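None of the figures in this text is laboratory data; all of them are computed from the coordinates on show. In this text the structure is predicted, and so the values were computed from the model without any measurement. As a convention, Cβ positions derive from the backbone with ideal geometry for all residues, glycine included, and neighbour counts pool all protein chains shown.
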Amino acid sequence: MGVVIRRLKSGDETRAGEVATTFKAAQFPLPRASRFLANPANYLIVAEMAGELAGFVLASRLQRLDREAAQLFVYEIGVTSQYRHGGIGTSLMGYVRELVAEESLLEAFVLADQRNHAAVRLYHSSGGHVEGAGSVLFVYPGHAARTTRRRLRLSRHARVARLRRRSGDY
Ligand SMILES: CC(C)(COP(=O)(O)OP(=O)(O)OC[C@H]1O[C@@H](n2cnc3c(N)ncnc32)[C@H](O)[C@@H]1OP(=O)(O)O)[C@@H](O)C(=O)NCCC(=O)NCCS
């Protein structure tokens, strides 16, 4: 059986929650998932193999001041390790390209870390071209980002301290 690619809609909250737990190790509580799926600017696209979740794309529709046509910012793509290298990433990006045509969007765009060879190869081979090669990403972290980073830092310190204690370092 081949891969099925579809955009999640209201009513698909359970699948959306599964995307969060599988790919982000995060909970996506039902009320939040419902609000997310009801927002037409949010695109949560999944790849399914025999009904099993195999991959996803998260994207957002952006309106512009100077044009009627909107853009699609592809924020993230992922394929479960067991299905990688099987063409699912390509199918997901193919679906994104179809959306651009069907919804008369100006374009879809995605940021890539050049060290991520799989992602870079995927975007090239699915028809993306590089624009603004000299661009740099600036981030202005909000409160939630700061507390998440602090929690990660603290848990890293705690892990190191535990390892040291176990190995008799101190
Ligand atoms: C990037 C990712 C989505 C690719 O998905 P995939 O289903 O394995 O991709 P495909 O099988 O459709 O392969 C697409 C192309 O990438 C190539 N490719 C896949 N994995 C690769 C790897 N590890 N190294 C180099 N090239 C790779 C394939 O050979 C193919 O190239 P081709 O069309 O020229 O033959 C997947 O590796 C993944 O989930 N990675 C972890 C998450 C991630 O890094 N996401 C991107 C940033 S948000």
- request: Report, in deg cm²/dmol and to the nearest 500, the calculated mean residue ellipticity at 222 nm for the chain, where each DSSP H run with n ≥ 4 adds -39500 (n - 2.57) and the sum is divided by the residue count.
  value: -13000 deg cm²/dmol
statement: Other residues with Cβ under 13 Å from the Cβ of E13 give, with Lys and Arg +1 and Asp and Glu -1, a net charge of +2
- line: Once S81 and S34 are pulled to full extension, the length gained, defined as 0.36 nm per residue separation minus their Cα-Cα distance, is 14.1 nm
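From Cα pairs below 8 angstrom and at least 6 apart in sequence, can you work out the relative contact order of the chain, rounded to a whole percent?
14 percent
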- request: Project the alpha carbons of the chain onto their principal axes and report the range along each, largest first, in whole Å.
  value: 63, 42, 34
- prompt: What residues qualify as long-range amide H neighbours of A70, i.e. H under 5 Å apart, gap of 5 or more or another chain, H built at 1.01 Å from N?
  reply: L106
task: Provide the per-residue ³J(HN,Hα) series for region 3-20, in order, calculated from phi with Karplus coefficients 6.51, -1.76, 1.60 and θ = phi - 60°, each as a whole number of Hz, with x at glycine and proline positions.
output: 7, 10, 10, 8, 8, 6, 10, 3, x, 9, 4, 5, 5, 4, x, 5, 4, 4
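Classify region 1-100 from the C-alpha gyration tensor, please: rounded if a/c falls under 1.5, else prolate or oblate depending on whether a/b exceeds b/c.
Details: a/c = 2.05, a/b = 1.24, b/c = 1.65.
Because a/c hits 1.5 or more and a/b fails to exceed b/c, region 1-100 counts as oblate.
Looking at the square roots a ≥ b ≥ c of the eigenvalues of the Cα gyration tensor of region 82-133, which shape do they give, rounded for a/c under 1.5, prolate if a/b is larger than b/c, or oblate?
Values: a/c = 2.82, a/b = 1.20, b/c = 2.35.
It is oblate, given that a/c is not under 1.5 and a/b is not larger than b/c.
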- prompt: Ordered by residue, what ³J(HN,Hα) values in Hz, to whole numbers, does region 47-59 give under the Karplus form 6.51 cos²θ - 1.76 cosθ + 1.60, where θ = phi - 60° and Gly and Pro are x?
  reply: 10, 10, 10, 6, x, 9, 5, 10, x, 7, 10, 10, 9
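What list do you get for E68, E13 if you sort them by fewest beta carbons within 10 Å?
Working: E68 8, E13 20.
Starting with the residue having the fewest Cβ neighbours, the order is E68, E13.
Using a Förster distance of 25 angstrom, determine the FRET efficiency expected from the C-beta separation of V139 and M1, and round it to 0.05. Intermediate values should be presented prior to the final figure.
Numbers: r = 41 Å, r/R0 = 1.65.
With R0 = 25 Å, the Cβ-Cβ based efficiency is 0.05.
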